[in-house]
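Reviewing the structure listed below.
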Amino acid sequence: MNYAVSPCRLLAGLLFALVANGAAAASISTQVVDGSGQAVADAAVYAEAISGQAVSKPQRTADIEQKGRKFLPLMTVIQTGTEISFPNNDTVRHHVYSFSPPKIFELKLYTGTPGNPVVFDKPGSVVIGCNIHDQMVAYIHIVNTPYFGKTDAGGKVRLDGLVAGKYRLKAWHFSMPVGGTVPEKEITLAASDVAAALTMNLKPGAGTN
Ligand SMILES: [Cu+2]
């Protein structure tokens, strides 16, 4: 008996997987600009399902390190339930805290990586600071969907792997005025990729790049 899988069968299987995957998923390419048409970097962009399509919830983790008395990265987008570690890669001690309603916590003066990551289980935005170094700041935007990303220097981001259905595409930026309107656009996805632009108003004088 021959138990080996023939190369032909293997190839056919791979092709089938590729085609099946391609038929089920599409992407949304987005550019975020401000009121004067300038690209907005470091904006959270996310697509929320509104027509009941199944959405997976993979367990995710992320890191926000402290290096050179700064938080890196400045801006992090995560799905609800994600654990974030805060490794201190400086030789000085930091004391990380948040007073933001979606997650109030503090990691008292430490070096190295604290043993317990912080779980962010409510959607919204969180500002992180350090009790010792007032200039240190970072932002976390927590979304209720696995389809999210962060814009690059050109204000662009692509969300991949969305199943067909209706979505509400939204964006958030830490320089939006408090209580400002979150820009959103309804998108109907079939099998092909979609491009969409979002415009957001930022506080006067907010540098976007
Ligand atoms: Cu510090």
- prompt: How many residues are of a type in the set (S, T, N, Q) and assigned to a strand (DSSP E or B) when one looks only at the stretch 69-119?
  reply: 6
query: Restricting attention to the stretch 102-119, which residues are within 16 Å of the ligand (Cβ to nearest atom) and modelled with pLDDT under 95?
result: 113, 114
- line: Within the stretch 83-101, the count of residues that are more than 10 Å from the ligand (Cβ to nearest atom) and among the charged types (D, E, K, R) comes to 1
query: Can you tell me which of 114, 123 is in contact (Cβ under 8 Å) with a residue 24 or more places away in the chain, within 30 Å of residue 48 (Cβ to Cβ) and not aromatic (Phe, Trp, Tyr)?
result: 123
message: Just the residues that are within 11 Å of the ligand (Cβ to nearest atom) and within 15 Å of residue 117 (Cβ to Cβ), please, taken from the stretch 61-70.
response: 66
message: If I go through the stretch 114-148 residue by residue, how many of them are closer than 16 Å to residue 71 by Cα and surrounded by fewer than 14 Cβ atoms within 10 Å (Cβ to Cβ)?
response: 4
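Filter the stretch 151-175 down to the residues that are among the aliphatic types (A, V, I, L, M) and farther than 11 Å from residue 40 by Cβ, then identify the one that is farthest from the chain's Cα centre (by Cα).
164
The values are calculated or read from the model by the stated rules, or taken from the named source; none is laboratory data. Computed from a prediction, not measured in an experiment: that's the story for all the values here. All Cβ positions, glycine included, derive from the backbone under ideal geometry; neighbour counts span all protein chains shown.
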